[in-house]
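Notes follow the structure.
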Amino acid sequence: MTSEYLITFEPAGRQIGLAPGETILTAAQKARIGLIAVCDGLGTCHQCIIRLVNGDLNSPTAVERQAFSDMMLASGFRLACQAIPISDVTIDIPLESTSTNQRLLVESFNVDFTPDPVIEVVSIKLEPPSQMGEGPIQEQVIRSLSTRYPSAFFPPEVMKQLPTFRKDIQHPVRLAVHASGRVVGILPAGRHPCGLALDIGTTKLAAYLVDLEDGQTLARSGIPNPQIAFGEDVISRIAYANRGSAETSQLQKVLIDGINSLVMEICKAGGITQRQVMDSVAVGNTAMHHLFAGLPTRQLGEAPFAPAQIEAFDLLADSLGLELSPGAVIHFPPVIAGFVGADHIAADLACGLTSPGENTLLVDIGTNTEITLRTAGGLSCCSCASGPAFEGARIQSGMRASAGAIERVFYDQQGWHYQTIDSQEPIGICGSGILDAVAEMRRVGIIDERGTMQKDVAGVEQLPEGWAFRLVDLAPGSRKNGIHITRRDVNEIQLAKAAIRVGIEILLKENDLTANRVERVIVAGAFGTYLHIASALAIGMFPGISEDRFQQVGNAAGAGARLMLVSKKARQEAIELRRGMRYIDLTTSKGFQDIYMAALPISHRLVFSGK
């Protein structure tokens, strides 16, 4: 019996060995291929679709016979979590099955600030060694810094960067010194210290390279979070980490490897070396924050979902394997609760919610949606389990926002119209598209307020999984017979939008505020940036606030991370923000169930008790 099968993935051209009995999903995870696996390989989401090109797999399972027609199975379509090779195989991964090449939001807005980074450049004239003895170089540096930094420390790993000194040395050494007194790096003449701001999302990583002297962003980039191969949501990843220390370390390592690839890319684009990156700020939801820092996560998956660490802290980049200057420090801002992390604090900071002002809602939409309400009485926030439907998951023809995804839908007298990302032929529908589709289907009467399909309407047909509306016909030979919106899809949108609406309503209720007194609604996050506000209002995701009060801002968390990177004041404001924030647990709030049920209908005229 063979000890290993060779698995070749196309079109990536990547190969990896796989032990007998292991699944193709396991091979994809080992090969760092971002195959969508929303259910963490349980076989329930039907999204890890592959196609066998050459070789042999086990016979289709009952799960696969439910997912595919006989014709599709005969054509080689399988689920990666069910498919087990029994020979060397070549596997084709359809575009809609992978999280790569998706639209990744790294654009954000600039915030006014006065540069005040934690890194200071200090020039020191080092004396050459002499018979009288000036003391070791380390002692000279510490002595020179001690008046300004009583706890000055010149670590050996940074000392290794020093050139070989001669007696005729003339030029001072330029040291990058952290506010703690730690020398974090040595700068060549004419070079500025740079910093790295990281937004570690569940589905994407965004990185920003910043000049610490003037605060300018030199380069930015994003990639899918490579942990996605181990589960698309934080609960799946916590469950994977709970299997043991090896799995926990694996999740941390793939994340750091992904960050290092981003660092290499943006440093090249910014025209600097990685050793010039002297400081870093990392934000993310609480689970991503803990997995990156190496903190325990088991308690995040169990009530009361308590973080292991709430306060801000620093770690050495080198201790995590992050390839920056050897003495660089990573700053982790505070988190608020198990499902409200440092990324939301960063978003609040960037949007100016730390300062008194008009009644403002900040809604940062994702698999987990965080909401902050600012009133004259202060700040309060909550977390909503909106789920992955807005990212295309759990939708029959759903996909992430990549080329070929339908992102806009509308209906007029000429019929149905749609727009795809990159103007490619449609292969599925992403979150903003499904939101538009549901809003338009309700407007023209294809579905009623409860989301029920009207069976006598043109385009509505019965599929094996139930009644559905055919939005797009696909070309003959496609693995799908069309792009449909099913009753189950509509229900997923109802659940997702109701979760967000109930969070807004409870925050308003807890602050004795009515929706018409909210003067500004800031919508952040990747989905929040691309959604059509009119459609969100039409289905009742947001209260009936005038559309001109809405502002879509992009990656607010990334903007906040950059702000903290260049401002000690901003870091302190983040700490004070957390201490002053009132966290509201929705599930224990009075009237939660009634408000949630009232938020489910697809209507802009939702009625809530007490409003």
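Each reported figure results from applying straightforward, stated rules to the coordinates on display, with no laboratory input. Note that the coordinates shown come from a computational prediction; the quantities given were computed from them, not determined experimentally. Cβ sites come from the backbone with ideal geometry, for glycine too, and all protein chains shown count toward neighbours.
Some points to look at:
- Working note: 222 nm ellipticity from helices only, DSSP H runs with n ≥ 4, each -39,500 (n - 2.57), summed and divided by the residues of the chain, gives -8000 deg cm²/dmol to the nearest 500.
- Relative contact order of the chain, taken over Cα pairs closer than 8 Å and 6 or more residues apart, is 13 percent.
- Cβ-based exposure ranking for I522, I124, in which fewest neighbours within 10 Å come first: I124, I522
- Of all DSSP beta bridges confined to segment 5-97, the antiparallel ones make up roughly 75%.
- Members of K204/K268; K125/K569; K268/K569; K253/K497 lying beyond 26 Å, as alpha-carbon distances in this model show: K125/K569; K268/K569; K253/K497
- Stokes-Einstein D (µm²/s) once Rh is taken as the Kirkwood radius of segment 516-611 over alpha-carbon pairs, at 37 °C in 0.692 mPa s: 204 µm²/s
- Summing Lys and Arg as +1 and Asp and Glu as -1 over all other residues whose Cβ lies under 10 Å from the Cβ of Y596 gives a net charge of -1.
- Averaging the sequence gap over all C-alpha pairs within less than 8 Å and six or more residues apart, then dividing by the number of residues, gives segment 389-492 a relative contact order of 24 percent.
- Here's how it looks for V340: its modeled amide H is under 5 Å from those of T286, which are all 5 or more places away or on a different chain.
- Karplus-derived HN-Hα couplings along segment 340-354 (A = 6.51, B = -1.76, C = 1.60, θ = phi - 60°), whole Hz, x at Gly and Pro: 10, x, 5, 5, 6, 4, 4, 5, 4, 4, 5, 8, x, 7, 6
- Alpha carbon centroid spacing (whole Å) that separates segment 27-90 from segment 502-535: 40 Å
- Antiparallel %, DSSP beta bridges [both residues in the chain], to 5: 70 percent
- Cβ-derived FRET efficiency at R0 25 Å, Q462 paired with D412, nearest 0.05: 0.40
- Candidate values (i) 26.3; (ii) 31.6; (iii) 61.7, label of the one derived for mean projected area of the Cα convex hull in nm²: (ii)
- J(HN,Hα) series, segment 407-416, from Karplus relation 6.51 cos²θ - 1.76 cosθ + 1.60, nearest Hz, glycine and proline x: 10, 9, 9, 8, 10, 9, 5, 7, x, 8
- Summarising the amide proton neighbourhood of A83: residues at separation of 5 or more, or on other chains, whose placed amide H is nearer than 5 Å comprise I24, L25.
- The alpha-carbon of K455 sits under 18 angstrom from the alpha-carbons of these aspartates and glutamates, leaving out residues fewer than 8 places away in its chain: E440, E465, D489.
- Here the residues C81, C384, ranked from fewest to most Cβ neighbours within 10 Å of their Cβ, fall in the order C384, C81.
- Per-residue HN-Hα couplings for segment 141-156 [Karplus 6.51, -1.76, 1.60; θ = phi - 60°; Hz; x = Gly/Pro]: 5, 4, 5, 5, 8, 5, 5, 8, 10, x, 9, 4, 9, 10, x, x
- Note that segment 218-323 shows a convex hull volume over its alpha carbon atoms of 100 Å³ per residue.
- Taking the number of Cβ atoms within 10 Å of each Cβ as an exposure proxy, the fewest-first ranking of H344, H289 is H289, H344.
- Put simply, the amide H of L316, placed in the peptide plane, has neighbours under 5 Å in I330, leaving out anything fewer than 5 places away on its chain.
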